[in-house]
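To keep things clear, I will list the structure first and then write my remarks on it.
The values are calculated or read from the model by the stated rules, or taken from the named source; none is laboratory data. What you see is a predicted model; the values in this text were computed from it and never measured. Heads up, the Cβs are rebuilt from the backbone with ideal geometry, glycines too, and the neighbour counts pull from every protein chain shown. The accessibility values were calculated without ligands, DNA or RNA, using every heavy atom of the protein model including side chains. Shrake-Rupley method; radii C 1.70, N 1.55, O 1.52, S 1.80 Å.
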Amino acid sequence: MSVTTAARLIALVSLFAGSTALAVPPAEFTTFESGQVRPLALSPDGASLFAVNTPDNQLEIFAVGAGGLVHEASVAVGLEPVAVAARSNGEVWVVNHLSDSISIVDVGAAPPRVVRTLLVGDEPRDIVFAGPGDTRAFITSAHRGQHRTHGSIAAVPGAGDPQLTTPGVGRADVWVFDATNLGATLGGTPLKIVQLFGDTPRALARSADGNTVYAAVHFSGNQTTVVSEGAVRDGGAFAGPCVIDGKNAPGGLPAPNADTNGVPAPEVGLIVKFNPTLGRWEDELGRDWSDVVEFDLPDLDVFAIDAGAASPANIVATASFPSVGTVIFNMVVHPTTGNVYVTNTEAINEVRFEGHGILSGSSVISHLHEARVTVLDIAGVGTVEPRHLNKHIDYDTVPSPAGVADLSLATPLGMALDATSGKLFVAAFGSSKIGVYDLAALESVSFDPASVPHIELSGGGPTGVVLDSTHGRLYALTRFDNAIAIVDVASEEEIAKIALHNPEPHRVIAGRPFLYDARATSSNGEASCSSCHIFADMDHLAWDLGDP
C-alpha cells in the first residue's frame, strides 16, 4: 500500500468516526430470554457476592463490605448462565442454561478464571451442594441431551437412552457429581443421574443437615387434559344433548354451545380435570370421562432425594409431594423446622372462555394464574398447604377497584428466609417488589395482604434475592435493567443499585416489561402475558378460549 493510499484511508476513517449520519449499526444480538433460577450467591464467609450476568455470559464478582458492594472481576462462562452456587470461598459453580454445562470458577486466582467445565443434560437450571461434607453437587436438567448418552458416562447409573417415546418414563433428571473427584473425562463423570417422574425440573433446595435435597418440576401441570371431539363417553355419543342453566348444550359440551344469534358451534375438544377424591376425570359439570382418558397423569411436583446415601446407587427419590402448583419456580428450606416453601402459580385453565362472560357465564379474564407460596410441612405429617398471596382479589369484579393492584404480588420467584426474625422475603418478578411475610402468619393464612410490607425496586423484575445478615442487607437481581439492588432490611427500602454490563439492544430492554409487568397489564396486579408465556415460552397447558 502506498503512502498516499494509506493517508486517504486514514482520512476516510476519521471522517466516518466523526460523522453521526454514518454511524456504525449496532452488533446483532440473539435474545434467548432464559429464566434465572439462582442468580445470586454469597460466599460462605459472606465476603463476596456472586451474580450471573445472563445476557453477557459472565459471572460478576463483588466484594461485600460495610459500605456496600465493590465490583472486583468479571469471568466469561458458558451461554446464558442462570444459577450460581459457592462451594467454598474460592470455588464457585455456574449453571449455563444454553451451553448445557457447568463452569467451575477459581475465584481465588488472579485473575479469577474457569478451571473446569462439566457437561450435563439439556437446559440445566439449578445447583446445590449437599451430602457428606457437602461434597456432592446436584444439578437439575431435562431428561434428554447428547451428554447423557455419551459413551464416556455409559456406566453411570441413570445414563443412556432417555427413552423419549416410552410411556411411564420420567422426563426430569438430577445430575449428581462428586465435587472432589470429577473424573478424567472431558465433561466430567457424574456419580449418578437421578430420574424423576416429571417434566422439566427447575428449582433445588437442601435441608440444613445436607442429607436431603428437594427437586421441583418446573412445568408440573395440574392434572388437566383434553378430550377430543367425537369421543365416546359411557358407551354413548359424545355426551348427548344436555340442558345447563336452561340453555341447550347440543353435542354434550357445557353451555353455551351457540353464539348470540343462536348459531350452533361445531364440536370441539373439552378440557377435563382429574378429581383425586373420586379418582376420575371430570368436566366442569362433574361428568365422568374416565373411560375416554386412557392413562393416569400423576401430579408429582416436588421430590425428596436421599443426598446423604452412603452409596451413589442409593441416591434416589424417597418421597414426593403432589399438587404443589402448576408452574413451580423456587424453593427454600427452614433451617430449624425443615419446612419447605415453594413459589408457584396455579393455573385456572379448566375454566372455559375469555371475554366478559356475559353469554358464557364463565371467563378466565383477570383470573389466569394465582400467585402462591406452598408450604410443605416436612416436620409434621408431610402435608401440602398452598397459600394464595393475593387473597384480597375479588375475581368476580372486573376491572378491579383502584388500589387492588397495589396490594398484589405477581410471579413469585426467588426467596430468602430469615429464621431469626421469622420473615420470608419473596421476589415478585411481575410486580417489581419484594414481599415481606411473617412466616407464622403465612403458614396459618392469617396474613392480611394490606399489611404485608412491599419493598419497591426501581430496576424492576427481581428474579433472586439473598440475605446478608452481617450487614443487614438484601441483594436482589433486577432483570428488567440487569442490575443488583441493595436493600436495607431495617427500613425495608432500596438504598443503592449497581448496574451490570448489558449487551442487549434497547428495544429488548424497553420491551421486556410489556411481557412481565402485571401492574401495567392487569387491573388486579396479578396477571400478565407471562402468566401463561413463562419466560417468553408457554405454560404447556390446554386452554379453551374465545368469546361466544
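The figures follow:
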item	result
Pairs, first farther than 24 Å from residue 423 by Cα and at pLDDT 95 or above in segment 477-489, second assigned to a strand (DSSP E or B) and open to solvent by 10 Å² or more (accessible area, probe 1.4 Å), C-beta under 9 Å, six or more apart	481/497; 481/499; 482/499; 483/497; 483/498; 483/499
Members of segment 180-202 found to be aliphatic (A, V, I, L, M) and at pLDDT 95 or above, listed by number	182, 191, 193, 194, 196
Segment 351-376, residues that are under 22 Å from the mean Cα position of the chain (by Cα) and part of a loop (DSSP other than H, G, I, E, B)	366, 367, 368
Residue under evaluation residue 345, criteria (1) farther than 30 Å from residue 260 by Cβ; (2) among the polar types (S, T, N, Q); (3) assigned to a loop (DSSP other than H, G, I, E, B), criterion not met	(3)
Residues that are open to solvent by 30 Å² or more (accessible area, probe 1.4 Å) and in contact (Cβ under 8 Å) with a residue 60 or more places away in the chain, drawn from segment 333-355	335, 336, 346, 350, 351, 354
Conditions (1) in contact with a Pro (Cβ under 6 Å, 6 or more places away or on another chain); (2) at pLDDT 85 or above; (3) closer than 18 Å to residue 229 by Cα; (4) of a type outside the set (Lys, Arg): number failed by residue 258	(2)
Those strands (runs of 3 or more DSSP E) lying entirely in segment 87-179 with at least 1 residues modelled with pLDDT of 95 or more, open to solvent by 60 Å² or more (accessible area, probe 1.4 Å) and touching a strand residue (DSSP E or B) at 6+ places or on another chain (Cβ under 7 Å)	113-119
Meets criteria (under 16 Å from residue 410 (Cβ atoms) and of a type outside the set (Val, Ile, Thr)) for residue 446	no
Residues of segment 513-544 classified as open to solvent by 40 Å² or more (accessible area, probe 1.4 Å), among the small types (Gly, Ala, Ser) and within 21 Å of residue 399 (Cα to Cα), total	2
So residue 316, is it modelled with pLDDT under 95, surrounded by fewer than 22 Cβ atoms within 10 Å (Cβ to Cβ), among the β-branched types (Val, Ile, Thr) and within 26 Å of the chain's Cα centre (by Cα)	no
Residue 208 vs. criteria aliphatic (A, V, I, L, M), at pLDDT 95 or above and open to solvent by less than 10 Å² (accessible area, probe 1.4 Å)	no
Residues within segment 356-374 that are open to solvent by less than 10 Å² (accessible area, probe 1.4 Å) and farther than 30 Å from residue 206 by Cα, tallied	1
Filter pass, residue 329 being of a type in the set (Phe, Trp, Tyr), at pLDDT below 95 and touching a Ser or Thr at 6+ places or on another chain (Cβ under 8 Å)	no
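Here is a yes/no grid of residues against (1) outside any loop (DSSP other than H, G, I, E, B); (2) in contact with a helix residue (DSSP H, G or I) (Cβ under 7 Å, 6 or more places away or on another chain); (3) surrounded by fewer than 19 Cβ atoms within 10 Å (Cβ to Cβ):
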{"site": "273", "(1), (2), (3)": "yes, no, yes"}
{"site": "278", "(1), (2), (3)": "no, no, yes"}
{"site": "281", "(1), (2), (3)": "yes, no, no"}
{"site": "290", "(1), (2), (3)": "no, no, yes"}
{"site": "293", "(1), (2), (3)": "no, no, yes"}
{"site": "298", "(1), (2), (3)": "no, no, yes"}
{"site": "303", "(1), (2), (3)": "yes, no, no"}
